[in-house]
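The values are calculated or read from the model by the stated rules, or taken from the named source; none is laboratory data. Just so you know, these numbers come straight off a predicted model, no measurement behind them. A quick note on method: Cβ atoms are made from the backbone with ideal geometry, for glycine too, and the neighbour counts reach across all protein chains shown. For the accessible areas, the whole protein counts, side chains as well, though only heavy atoms, and no ligand, DNA or RNA atoms are used. Shrake-Rupley method; radii C 1.70, N 1.55, O 1.52, S 1.80 Å.
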Amino acid sequence: MQSFHAIGRLTRQPNLIYKGDKPRCEMVIAVEDHTRNRTEFFPIVAWHQQAINCANYLVKGQEVAIVGKWRSSNYKKDGIPMTKFEVEISEIKFQQPPKQAN
């Protein structure tokens with residue numbers, strides 16, 4: 001079984017949309033990789049009540065801890081086959097609030 005665990009900060013406000021009658025919240029988290037001295041960005045998605053809670057209570061810059069699994073979907077853009085990867089979260093913990101500017 002695959003599992004994805006990360007702690008990072010939201011790069012923008014969560015985006016709540018509806019797929020039919022199912023709420024879906026799309027977010028991106030930035031995760032610092034100290035061993036390589038760089039930052040990685042991961043698209044994450046929450047569904048149902050978890051999606052609504054994320055949209056209502058999370059803000060850009062807030063730290064979150066997530067557990068989920070990778071999902072892929074295929075589509076065509078201008079006739080060219082494309083693949084999209086995102087982490088579908090099963091757990092999310094709202095951590096520290098956004099950093100304040102000095």
Exercise for the section: Output the residue which, of all residues in the stretch 54-70 that are more than 14 Å from His5 (Cα to Cα) and touching a residue at least 40 places away in the same chain (Cβ under 8 Å), is surrounded by the most Cβ atoms within 10 Å (Cβ to Cβ). Expected result: Cys54
Problem - Candidate set: the stretch 76-93, residues that are surrounded by fewer than 14 Cβ atoms within 10 Å (Cβ to Cβ) and hydrophobic (A, V, I, L, M, F, W, C); chosen: the one nearest to Gly8 (Cα to Cα) - result: Phe85
Exercise for the section: Among the numbered conditions (1) more than 15 Å from Ile92 (Cα to Cα); (2) at pLDDT 95 or above; (3) open to solvent by less than 80 Å² (accessible area, probe 1.4 Å); (4) not acidic (Asp, Glu), tell me where Ser73 comes up short. Expected result: (2)
Completion exercise
The correct count of residues that are part of a loop (DSSP other than H, G, I, E, B), in contact with a Lys or Arg (Cβ under 8 Å, 6 or more places away or on another chain) and farther than 19 Å from Val31 by Cα in the stretch 49-102 is 0
Completion exercise
Contact list, first residue from the stretch 37-53 and over 13 Å from Asn15 (Cβ atoms), second anywhere and surrounded by fewer than 12 Cβ atoms within 10 Å (Cβ to Cβ) and modelled with pLDDT under 95, beta-carbon distance below 6 Å, six or more apart or interchain, is Glu40/Asp33
